[in-house]
1. Within the chain, what whole-number % of the accessible surface is contributed by carbon and sulfur, with the 1.4 Å probe and all protein chains included in the calculation?
2. Simple spin-label model, 7 Å along Cα-to-Cβ: Asp101 to Arg8 in nm?
3. Within the range 100-183, which GluC sites (Glu not before Pro) sit in a loop by DSSP and count at most 13 neighbouring Cβ atoms inside 10 Å?
4. Where does each of Lys137, Lys173 land when they are ordered by accessible area, with a 1.4 Å probe and the largest first?
5. Solvent-accessible area per residue for the chain at a 1.4 Å probe radius, Å²?
6. With a/c under 1.5 counting as rounded, go ahead and sort the range 77-177 into rounded, prolate or oblate using the C-alpha gyration tensor (a ≥ b ≥ c being the square roots of the eigenvalues; past the cut-off, prolate if a/b is larger than b/c, else oblate).
7. With a bin width of 10 angstrom, please list the P(r) values of the chain as percents of all Cα-Cα pairs, from the 0 bin to the one holding the largest distance.
8. Using only protein heavy atoms and a 1.4 Å probe, report how much of Leu44 is accessible, in Å² to the nearest 10.
Amino acid sequence: GKAGFVHRTPDPPMGISRRDDLHLAARRLTGQLKALVEAERADLIVGPHPRDGHHGHVAVARAIRETVWSATRPPVWWMWSIWQELPRPTLIVDCDPGDLDISRIMLKEYEGENRRSDYLAGIENVRKANAVFGIEKTLGWGSAPSDRLAGIMQAEILTEVSVRRKLSHGLTKRTWVASRPRV
């Protein structure tokens, strides 16, 4: 993997299929994520958007949201979405075609899904489409200079949020803040 990134598979795996107890999975994952974020002093979590549409992704997003919200040093959360459009994308990230090797490693976790569909081909094609349409989805239609995407062949579209703390009437108040749109 890339330096600075941690990919761990829970043991035993989280039960996030339709028949599983999704609330239990979210609580269990929240505990594991909180411990990991604190131990690693994580600056960034990458995971699903709460409105992705897939029940398992929503459970994972619930755990990430609670982890980020309650962390001593809240990490930034980069949200992706597979099954629904991101309601407010703020990042377009250039992906080297070699990055598919990392996706291949992660996709090995999804044995049943891989028997049904070629998800790796899906990811590659979505990244190619994002390189074409993502800049305007992220920065606004007609807002990017034509050379802005020069050289970007594959991209991910993400929404970046963070928790901002401010003192208000002697109390610390937390709010969610979306990042400014950027490449």
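The values are calculated or read from the model by the stated rules, or taken from the named source; none is laboratory data. This one's a predicted model, so the numbers in the text were calculated from it and none came from an experiment. Note that each Cβ is placed from the backbone with ideal geometry, even for glycine, and that neighbours are counted across all protein chains shown. To get the accessible areas, we keep the full protein, side chains included, count just its heavy atoms, and leave off ligands, DNA and RNA. Shrake-Rupley method; radii C 1.70, N 1.55, O 1.52, S 1.80 Å.
1. Working: 6270 of 11700 Å².
The value for the chain is 54 percent carbon and sulfur by accessible area.
2. According to this spin-label approximation, the distance is 2.5 nm.
3. Answer by residue number: Glu109.
4. Lys173, Lys137
5. On the way: 11700 Å² over 183 residues.
Using a 1.4 Å probe on heavy atoms only, each residue of the chain averages 64 Å².
6. Because a/c hits 1.5 or more and a/b fails to exceed b/c, the range 77-177 counts as oblate.
7. All Cα pairs, binned at 10 Å, distribute as 9, 32, 37, 18, 4, 0 percent.
8. Approximately 60 Å² of Leu44 is accessible to the 1.4 Å probe.
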